[in-house]
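The values are calculated or read from the model by the stated rules, or taken from the named source; none is laboratory data. For clarity, every value in this text was computed on a predicted model and none was experimentally measured. Heads up, the Cβs are rebuilt from the backbone with ideal geometry, glycines too, and the neighbour counts pull from every protein chain shown.
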Amino acid sequence: MTCESCANAVRNALTGVDGIQSVDINLSTEQVLVDTTLTSGQVQALIENTGRRAVLKGMGPASLKDLGVAVAMLGPEGLIKGAVRFLQLSERQCIIEGTIDGLDPGLHGLHVHEFGDLTRSCLSCGDHYNPGNNRHGGRQDTERHVGDLGNIWADEVGRATFRMQDERLKVWDIIGRSLVVDADEDDLGRSCHPLSRTTGNSGDR
């Protein structure tokens, strides 16, 4: 952004969008601060639709300190590719944000697994990360695996874009582990299937 008209174009592109609470633009530093529940990719796309290039420099509330960050890359083998970022904002708050392509449309289970061993692809990643030896559950459940992140939804072209907050998962606990997307929907431990309380019966990794 080099002029006030540029800033106004960006402001107009972001103002009034569902999920965006406020927009603060500093023309001298060419920075845009957005208070939003949208993913960074969605905000970036809104800005770049004005013809400007946008680069993410950080995420999370300005009042909270970044206590750690991790990135999980999916691929390069196979059709499933993507990136998921984990940002620890406090002892109890971790933001998980990502975009994953190549999925079948619909819901897919998402889990942190015990090991980062990819020698046999997802088959050598171990079970869900579960240091408390709990039963499988949903992300909001009192009892669940720490690695249980619920479901993500892929659109008609197979892209899942998501942003969530979690109070169990910590960035420092998952370094060296793996992130796995499952073929099917996670039943969150609520069905009568024999695998419901261990994997959510969410199909192949």
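GLY150: more than 17 Å from the chain's Cα centre (by Cα), small (Gly, Ala, Ser) and crowded, with 20+ Cβ neighbours inside 10 Å, yes or no? Judged against the criteria, GLY150 is not a match. One residue alone among GLY137, GLY189 is at positive phi, part of a loop (DSSP other than H, G, I, E, B) and buried (at least 19 other Cβ atoms within 10 Å of the Cβ), and that residue is GLY189.
Pairs meeting the criteria (first residue in the stretch 40-55 and in contact (Cβ under 8 Å) with a residue 24 or more places away in the chain and assigned to a helix (DSSP H, G or I), second residue basic (Lys, Arg) and surrounded by 14 or more Cβ atoms within 10 Å (Cβ to Cβ), beta carbons under 9 Å, at least 6 apart or on different chains) are SER40/ARG85; SER40/ARG163; GLN42/ARG163.
Kindly establish whether ARG120 is assigned to a strand (DSSP E or B) and either closer than 16 Å to ASP182 by Cα or at pLDDT below 95 (or both). Judged against the criteria, ARG120 is a match.
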